[in-house]
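Undergrad: Have a look at the structure that comes next, please.
Nothing in this text is a laboratory measurement; each read-out follows from the coordinates by a stated rule. As the structure is a prediction and not an experimental result, all values here were calculated from the model. Here Cβ is always computed from backbone atoms with ideal geometry, including for glycine, and neighbour counts include all displayed protein chains.
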Ligand SMILES: [Zn+2]
């Protein structure tokens, strides 16, 4: 199956839109169910017509789903009866469509809306999954813009982790520089010329008796 974001990203006019979605929806912990908007004055749930910004599927907010199912008399009873009947007579329901399910019918076949961070867009779950798959492929292919966008977003999400990593890298660099300096000093040190009869380093650690035994003066 081709990924719709491959196509959108390959076209100049929609490339920045895809980059906006990557920044808004990833890393994946930014994705959340959309709650719904309230009218400022009456505090009533706004009657929003939301569609997935990528595939156009009609979407519903959490509050719309709640108000049209749980909070509407009869809907949950119908759903319960339907579920029990589907369990007892599976053959009678094998050709049922999604819209035949009472709670789906109650929300006119809409699906849950998802949204991200700093975006007005809403998406269906299938498109969120496709965006994630597209981004993973682009990272593996080494696409510079996607890699840059993701790294920047992850840095914003995990500043502490980044600080730790930077700290470790700095420490490693210092250790390396110190080791390199020592190595150079060792190499540049004039070589000790051993003269016969002089005590060597080994002899310095021996007692006079031990030295006499080994024949070291
Ligand atoms: Zn969609």
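Undergrad: Under the definition of Cα pairs under 8 Å and six or more residues apart, what whole-number percent is the relative contact order of the stretch 68-111?
TA: 44 percent
Undergrad: Within 10 Å of each residue's Cβ, count the other Cβ atoms and sort 125, 184, 59 from fewest upward.
TA: So the residues, fewest neighbours to most, are 184, 125, 59.
Undergrad: Would you mind getting me the FRET efficiency between residue 46 and residue 8? Use the beta-carbon distance for r and R0 = 22 Å, nearest 0.05.
TA: Taking R0 as 22 Å, the efficiency between residue 46 and residue 8 is 0.15.
Undergrad: Turning to a different aspect of this structure: How big is the chain on each of its three principal axes, counting only the C-alpha atoms and giving the largest first in Å?
TA: Principal-axis extents of the Cα atoms in the chain, largest first: 107, 49, 44 Å.
Undergrad: Pick from 123, 87, 76: which is most flexible by mean-square fluctuation in a GNM of the chain where alpha carbon atoms under 10 Å apart are linked?
TA: 87
Undergrad: Taking only C-alpha pairs under 8 Å that are 6+ residues apart, what is the relative contact order of the chain in percent?
TA: 22 percent.
Undergrad: For the chain, with a Gaussian network of springs between Cα atoms less than 10 Å apart, report the residue from 153, 177, 77 with the top mean-square fluctuation.
TA: Residue with maximal mean-square fluctuation among 153, 177, 77: 177.
Undergrad: Tell me the angle of helix 12-25 to the major Cα principal axis of the chain, expressed in degrees between 0 and 90 and rounded to the nearest ten.
TA: Once rounded, the angle reads 80 degrees.
Undergrad: Add -39500 (n - 2.57) for each DSSP H run of 4 or more in the chain, then divide by its residues: what number comes out at 222 nm, to the nearest 500 deg cm²/dmol?
TA: Computed ellipticity for the chain at 222 nm equals -16500 deg cm²/dmol.
Undergrad: Let me ask you something else. Round to the nearest 10 and give me the degree value, 0 to 90, for the angle of helix 159-188's Cα axis relative to the longest principal axis of the chain.
TA: Rounded to the nearest ten degrees, it is 20.
Undergrad: Using a Gaussian network for the chain with springs between C-alpha atoms less than 10 Å apart, which of these wobbles most: 168, 103, 28?
TA: Answer for the Gaussian network model of the chain: 168.
Undergrad: If you line up the long axis of helix 144-157 against the longest principal axis of the chain, both from Cα atoms, how many degrees apart are they, to the nearest 10?
TA: Approximately 90 degrees, to the nearest 10.
Undergrad: Compute the distance from the alpha-carbon center of the stretch 1-68 to that of the stretch 80-118, in whole Å.
TA: Cα centroid to Cα centroid, the span is 22 Å.
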